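S.K.: Before I ask anything, here is the structure I am working with.
We did not get these values from a lab; they are worked out from the coordinates using the rules stated. This one's a predicted model, so the numbers in the text were calculated from it and none came from an experiment. Don't worry about glycine lacking a Cβ; one is built from the backbone with ideal geometry, like all the others, and counts go over all protein chains shown.
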Amino acid sequence: MSRSPRWALGAAVGLAAGGLLLATAGPASAHNVLVESTPQDGETLDSAPDQVELVFNEEVLEGGNGIVVTGPNGSTYEDGEVQTDTERAWIGLSPLDQAGDYTINYRIISADGHPLEDSLGFTLADEAVPSDEATDAQDPNGTTDDGSPEETDSEDPVADLAMPPWVAVVIAIAVVGIVVSILIRFMRSRGNSDA
Ligand SMILES: [Cu+2]
């Protein structure tokens, strides 16, 4: 009989915890919402834009805002700082010299003070870049069609898992020490018994 109340208590605690999570998640989701962008997400452009503009449903607060535009070859093209005007945030671009897929990663400070991060993409048509640059762009496009920045490739994930070299040295010294002490005891006991 005692199991049933305990089970019920556990379920009640679980539900309460879940409800608390939902309750706290509710207000946190009321960040700014992107309502418009230039270029638009998924748009293919026949001419290179000289800026990226994001429009939100609420004011973008000053400070901590970032917009990064990454080209098909992994280069970034921001020119200057993020500018804001109430619900608008924009950044200038240096000339886009590669045809292909571009990614806009942004992080802005919502009106409620929380950061909002997301990404958009657009494609620059071949005719939007100078013809000699367009032919140069064929090689990088062929090898890297993934337009996203490869920041997630940690440089040494194995090194984090493997033990540091000094640990191996300490273990080796300890093993050698144990073996030597066993050998010494063994030889002493043989010496004693032989004598
Ligand atoms: Cu928020």
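S.K.: For a test of the definition: using alpha carbon positions, the gyration tensor, and the 1.5 limit on a/c, classify the range 24-101 as rounded, prolate or oblate. It would help to have the intermediate numbers written out before the result.
M.R.: Numbers: a/c = 2.15, a/b = 1.83, b/c = 1.17.
It is prolate, given that a/c is not under 1.5 and a/b is the larger ratio.
S.K.: Between rounded, prolate and oblate, where does the range 57-112 land on the alpha carbon gyration tensor, with a ≥ b ≥ c its root eigenvalues, rounded for a/c under 1.5, else prolate if a/b exceeds b/c?
M.R.: On the way: a/c = 2.86, a/b = 2.34, b/c = 1.22.
The shape class here is prolate.
S.K.: Would you please give the residues with an amide H less than 5 Å from that of ASP118, counting only those at least 5 places away or on a separate chain, with H modeled from the backbone geometry?
M.R.: HN-HN under 5 Å from ASP118: TYR106.
S.K.: Given the peptides 49-55, 181-187, arrange them by the average over their residues of other C-beta atoms within 10 Å, most packed first.
M.R.: Ranked from most to least packed, the peptides come out as 49-55, 181-187.
S.K.: Right, here's the next one. Could you calculate the FRET efficiency of GLN83 with ASP46 from 1/(1 + (r/R0)^6), where r is the beta carbon distance between them and R0 is 25 Å, rounded to 0.05? Walk me through the intermediate numbers first.
M.R.: Working: r = 25 Å, r/R0 = 1.02.
E(calc), rounded to 0.05, equals 0.45.
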